[in-house]
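For reference, the structure discussed in these notes is given below.
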Amino acid sequence: MNGATHFYLRGPAAPLPERWSEAFALGRVLDATALLAWLRGHSVVHDIIWLSTTDAQWSTHLQQILRAEPAARVVLLSSAPQPQEGLEAINAGVRGYTHNYAVPALLKEVALVVEHGGLWVGPDLLQRLVGSTQTALASRSAPAANPTGQDALAALSAREAEVARAVSAGHSNREVADLLNISERTVKAHLGMVFEKLAVRDRLQLVLRLAGPGSSSPTYPQS
């Protein structure tokens, strides 16, 4: 977390989660007025702002934050995470979505991914996003083969390519393990090598990498 400052937007109905304080002992807790005033005088593009759905105005505050700093990295904490709420939040501009009561270790992991430009969502939403992105890209693709995607697969071993194809089709690690008759641990090991060799951070980037040029900004469905 070197160099990143963490801001938590606290409101009357959005008290500071104790586990967040444990995770980010040096984090700053501000109300909406103070945070927006800070944004007007400082750049927070390398920092992380945390909102909570316990604040009924979180969506409004998110819009205000992104208007003040379009590149702001915002994480939304939800007291009852749901795929639809997560999709709406991602579409609105948040970079992370997780449980309001996540343990400190998980909150730090979320922060690390977001700080380095990744996207953090729960497992259910991740599967939905990967599947939706793959479907959207397939519908836009020409019937001809995609040379960029084939070049990417050529950089992988045969088993790594099988794992990459299955994951980019929206399958979970467990489903990939069942499909290929290997252990889930082995799937994780292969997937780690795939990410490293193709220079991607997560499943969504893998889908886009294999899809080729012209597909770097998918639009996620609202339903």
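Every number here is computed from the coordinates shown, using simple stated rules; none is lab data. All of these numbers come straight from a predicted model, not from anything done at the bench. Neighbour counts run over all protein chains shown; Cβ positions are idealised from the backbone, glycine included.
Miscellaneous remarks
- Evaluated over the stretch 1-60, the Cα radius of gyration and Dmax, each in Å: 11.4, 32
- Debye intensity ratio in log₁₀ form over the Cα atoms of the stretch 1-121, taken at each q of 0.11, 0.12, 0.18, 0.20 Å⁻¹: -0.29, -0.35, -0.87, -1.12
- Signed unit charges on C-beta, dipole axis of the stretch 37-106, positive-most listed residue HIS42, HIS99, SER79: HIS42
- Placing dummy labels 7 Å off each Cα toward the beta-carbon, the span from ALA56 to ARG185 is 5.0 nm.
- The packing ranking of peptides 153-162, 185-194, highest mean first, is 185-194, 153-162, where packing means the average number of other beta carbon atoms within 10 angstrom of each residue.
- Cα shape, the stretch 67-118, gyration tensor, a/c 1.5 rule: oblate
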